[in-house]
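Novice: Can you read through this structure? Questions will come right after.
The values are calculated or read from the model by the stated rules, or taken from the named source; none is laboratory data. Keep in mind that this is a model prediction, so the values were computed, not measured. As a convention, Cβ positions derive from the backbone with ideal geometry for all residues, glycine included, and neighbour counts pool all protein chains shown.
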Amino acid sequence: MIRLERRPETSRAMLWLTPVLALILTILVGMVLFAMLGKDPVQTVVVIFVSPFSDLYNLSELLVKATPLILIAIGLSLGFRAGIWNIGAEGQFTIGALAGGAVGLAFHGTDSIWLMPLMWITGCAAGMAWAAVPAYLRTRFGANEILVSLMLVYVATLLLSALVTGPLRDPDGFNFPESRLFEGSAAMPLLMEGTRAHIGFFAALLAALVAWLLLGRHVVGFQIRLLGEAPRAARFAGFVEARVIWFCLLVSGGLAGLAGLFEATGPVGQLVPSLPVGYGFTAIIVAFLGRLNPLGIIIAGFVMAVTYLGGEAAEITMQLPNAVTEVFQGLLLFFLLGMDVLSTYRFRLRRRIREAA
Amino acid sequence: MELAVNIILGMMLAATPLLFAATGELVVERAGVLNLGVEGMMVIGAVAGFIITAESGSHLAGILGAAIAGAAMALLFGLMTQVLLANQVASGLALTIFGLGLSALLGSGYSGFSIPALPRIEIPLLADIPFFGPLLFRHEPMFYLSIALLLLTGWFLTRTRAGLILKAVGENHDAAHSIGHPVVLIRMLALAWGGALAGLGGAYLSIARTPLWSEEMTAGRGWIALAIVVFAGWRPTRALLGAYLFGGVTILQLHVQGLGIAIPSQYLSMLPDLVTIAVRVAIAASPPRAQLRAPGSLGRTFHAQG
C-alpha cells in the first residue's frame, strides 16, 4: 500500500515543478481530447503553442491578453494567500470598464492629457467599490464573500447591458447596444502602432513589483501570509482580520476595475455587452498556476495568453470548437490543484512490520 | 384564481432545478464537504441529458445519463479533495470552469436542435380538482421525482443509521475515523449523490423546462442552490421552502414585466442575484441562537494519520 505522509516542510523544488508537470499533463490529456474530436493531436498542439509566436502582431496580441490576466491575478493572489476568496473579479472588471468608460463618454471630444488618468482613477475606484460590497458584508455581518462577489458578477453584466442599451448608447449607432468609440484623449495609448498592445502592460508589471515588495518586505504582506497559514496565531498576535479582508478585496477589486477599463478603452475600443469575456475567472487559474507568487503570475499570465491565442488559431486552422480553450484551462487548474499534493506530502510505501514476526 | 394558479405553477417550475441541486449539496455538506462546483455539475447534467435524449429518443435514458454524468463530475472532485487532498474551494471553482467548458464543447453540435418535451402525467380524477388539481397533479415526472428525492434524503438523514454516520463524519471527521468509520468512502458516496442530483437539476432545465440546449443555460442556478443550503440551515424541509422562495423571486420578474411597468428587463433580471445576497447577509446577521450551525468539519481537509 502507498500512503501519504506530510512533509515537515513544503518542498521548494516541487513547488516550482508542479505547475510544469500540470501543464505537461494537460497537454497530454488535451491531445487525447483532440484525437477524440478527430483532429491530428500533434499538429493541433503545434498550432496552439507555435502560432502565437509566429509574427510580431501575434506577439503583441500576447501582451494584449496577458495584461488583464496578470493585473487581476496579482490582486486575487493576495486574497487567496490570506484565505479570502474574491471570485467576482469578472464583475469588478465590468464595473471598472463601465464607470471609467462613462467618464470618457461624458467628456467625449475633449482633448486633454488629464482625461485618461481621470478614467483610470474612476475605473479603479469603481472596481474597489464593487469589491467593497463583499468586504463590508463579510466584516460587518460575516456573510461569505465567495457567494456575494460571484452574484455581483451577474449584476454587473446586466448593468453593463442595461446602460449600453440605454443612456450610454451611441447616439449615431443605429440603436445597436454599444457606446461611442473611445477616441483621441479617451483611447488607451498604444505601445506600437498597428497593434493593440497598450501601456497597461506596464501597469501590470508595476502591480507585480509592488505586490512582490509588499509580500516580502512590508508588514501587511506578513499579516496576509500569516492569516492564510495560521489564522489562530494571527488572531493571538492581535492582527485585525477585518483590515486584511478589506485590504485584499479593495486591492483585487481596484486592479480588476483597472484591467476592465484598459480593455474597454484599448483592445475593444467601446463599451459593449460582450466586454466581459471571462478574464476575471481565468485570472483565478493564472493566480494558482503562478503559485500566488508575483513573478510566477507574470509567467502564468503569458502561458494562459498562449492558450487563448493558440485556441483561436486552432479554431480557424483545425476547425476546433472554441470551447476547447475553456476545457483546456479547466483541466489545467484541476491538474495544478491535484499535483499540489506532491509539494506538501510525500508518497511512502507502507511496510508491514508484523509480518516478520 | 387562474392568475394565482399560473404564478404558483411558475414558481414550482423555477424551483424544481434548484430543489434537486440543493437537496444533493445538502447531503454533501452534511458529510463535511463543501463542493462549490454545483454549477459545473448541473450544466454537465443539462448537456448530457439533452444529448442522450436526442440520440436515444428516450427521456428516461437522458435523465439517468444526466444523473450519472453529474455523479462522475462529483467523483472527479472527490478524487481531487479526498484522495489528493486539494483545497475544496479552489477545486470547486475548477469543477465549475471545467464543466462550463466541457458542456459547451460537447453541446456545440446540438444548439438549435430540439427534442420532444417530457410529457406531463395527469393523475386521473385528482387532476380535475379545481386549484389543487393543476398545481399538484399535472406535472412532468421530474417534478414528482424532485419531491420524492427530497423526502428520501430527509428520511435518510434523520431516520437511518447510515444517515447518522454520515452526519457524524461531517461533524468531526477525526472522531468518526477513530471509531472506525471509513471517512473517505462515506464522503465519496455523499459526493456522488450530490452530483447525481445536480445533474438531474440540469437535466430538468434541458429536457423538461425548455427542451433545448444552449451554452451556460444553468445561468448561475448552481450558486443559488448553494445559498439555499445555507438558508435551509442544512435541513431538508427548509431546503424545500428555500427553493420555492428563490423560485418565486425568479418568476417575479416575469410578472412585473407582464404588468407593463417600464423598467429595462436587465434590472429585473438582477433580482434573484440581489435577493441571494440579501438572504445570505440576513442569515449571517441573525443572532447566533437563531442560526443553525454548519457541520463541524465542513470544508476541512481530512488526512488520516498513521
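Novice: Need the failing condition index for A:VAL29 against (1) among the hydrophobic types (A, V, I, L, M, F, W, C); (2) free of Cβ contacts under 8 Å to residues at least 12 places away in the same chain; (3) within 14 Å of chain B (Cβ to nearest Cβ), just the number.
Specialist: It is condition (2) that A:VAL29 fails.
Novice: Out of the residues in the range B:72-93 meeting the condition of being buried (at least 24 other Cβ atoms within 10 Å of the Cβ) and within 30 Å of B:LEU118 (Cα to Cα), tell me which one is farthest from the other protein chains (Cβ to nearest Cβ).
Specialist: Only one residue fits best here, namely B:ALA74.
Novice: Also: Residues that are under 26 Å from the mean Cα position of the chain (by Cα): which helices (runs of 4 or more DSSP H) entirely in the range B:113-185 hold 3 or more of them? So that I can check it myself, show each step before the final result.
Specialist: Details: elements: B:132-136, B:141-159, B:161-171, B:173-178.
Hits in the range B:113-185: B:132-136, B:141-159, B:161-171.
Novice: Being over 18 Å from B:ILE97 (Cβ atoms) and within 14 Å of chain B (Cβ to nearest Cβ) narrows it down to one residue among A:ALA237, A:ALA314, A:ALA323; which is it? Give the derivation first.
Specialist: Details: A:ALA237 fails: within 14 Å of chain B (Cβ to nearest Cβ); A:ALA323 fails: over 18 Å from B:ILE97 (Cβ atoms).
Of the residues listed, the single one that is over 18 Å from B:ILE97 (Cβ atoms) and within 14 Å of chain B (Cβ to nearest Cβ) is A:ALA314.
Novice: Does the range A:211-232 include one or more residues that are at pLDDT 85 or above and either within 14 Å of chain B (Cβ to nearest Cβ) or closer than 28 Å to A:LEU115 by Cα (or both)?
Specialist: Scanning the range A:211-232 turns up at least one residue that is at pLDDT 85 or above and either within 14 Å of chain B (Cβ to nearest Cβ) or closer than 28 Å to A:LEU115 by Cα (or both).
Novice: Right, here's the next one. Would you be able to tell me the number of residues in the range B:1-28 that are in a helix (DSSP H, G or I) and surrounded by fewer than 24 Cβ atoms within 10 Å (Cβ to Cβ)? Write out each step before concluding.
Specialist: In the first step, residues of the range B:1-28 are kept if they are in a helix (DSSP H, G or I); the result is B:2-28.
When the remaining residues are screened for being surrounded by fewer than 24 Cβ atoms within 10 Å (Cβ to Cβ), the result is B:2-14.
Matching residues across the range B:1-28 total 13.
Novice: I've got another one for you. Does any residue in the range B:129-144 that is on the phi < 0 side of the Ramachandran plot come within less than 8 Å, Cβ to Cβ, of a residue that is among the basic types (Lys, Arg) and in a loop (DSSP other than H, G, I, E, B) six or more places away or on a different chain, and which pairs are these?
Specialist: Correct list of pairs: B:ARG138/B:ARG120; B:HIS139/B:ARG120; B:GLU140/B:ARG120.
Novice: Given (1) modelled with pLDDT under 90; (2) farther than 21 Å from B:ALA94 by Cβ, identify the lone condition not met by A:LEU17.
Specialist: (2) is the only condition that A:LEU17 fails.
Novice: What's the number of the condition B:TRP234 fails, among (1) among the aromatic types (Phe, Trp, Tyr); (2) buried (at least 24 other Cβ atoms within 10 Å of the Cβ); (3) away from chain A (no Cβ under 14 Å)?
Specialist: (2)
Novice: While we're here: Is there a residue being of a type in the set (A, V, I, L, M, F, W, C), part of a helix (DSSP H, G or I), over 13 Å from the mean Cα position of the chain (by Cα) and surrounded by fewer than 23 Cβ atoms within 10 Å (Cβ to Cβ) anywhere in the range A:292-300? Reasoning before the result, please.
Specialist: We begin by selecting, within the range A:292-300, every residue of a type in the set (A, V, I, L, M, F, W, C); these are A:292, A:295, A:297-300.
Narrowing the set further to residues that are part of a helix (DSSP H, G or I) leaves A:295, A:297-300.
Add one more test, that the residue is over 13 Å from the mean Cα position of the chain (by Cα), and what stays is A:295.
So of that shortlist, the ones also surrounded by fewer than 23 Cβ atoms within 10 Å (Cβ to Cβ) come out as A:295.
The answer is yes; a qualifying residue exists.
Novice: Can you find a residue in the range A:105-121 that is in contact (Cβ under 8 Å) with a residue 60 or more places away in the chain, away from chain B (no Cβ under 12 Å), in contact with a Lys or Arg (Cβ under 9 Å, 6 or more places away or on another chain) and in a helix (DSSP H, G or I)?
Specialist: yes
Novice: From the set of residues in the range A:191-233 that are closer than 13 Å to A:LEU63 by Cβ and free of Cβ contacts under 8 Å to residues at least 40 places away in the same chain, which is surrounded by the most Cβ atoms within 10 Å (Cβ to Cβ)? Show your work before the answer.
Specialist: Our first condition is that a residue be closer than 13 Å to A:LEU63 by Cβ; within the range A:191-233, this holds for A:191-192, A:195-205.
Restricting the remaining residues to those that are free of Cβ contacts under 8 Å to residues at least 40 places away in the same chain gives A:199, A:202.
Numbers: A:ILE199: 14, A:PHE202: 11.
Ranking the candidates gives A:ILE199 first.
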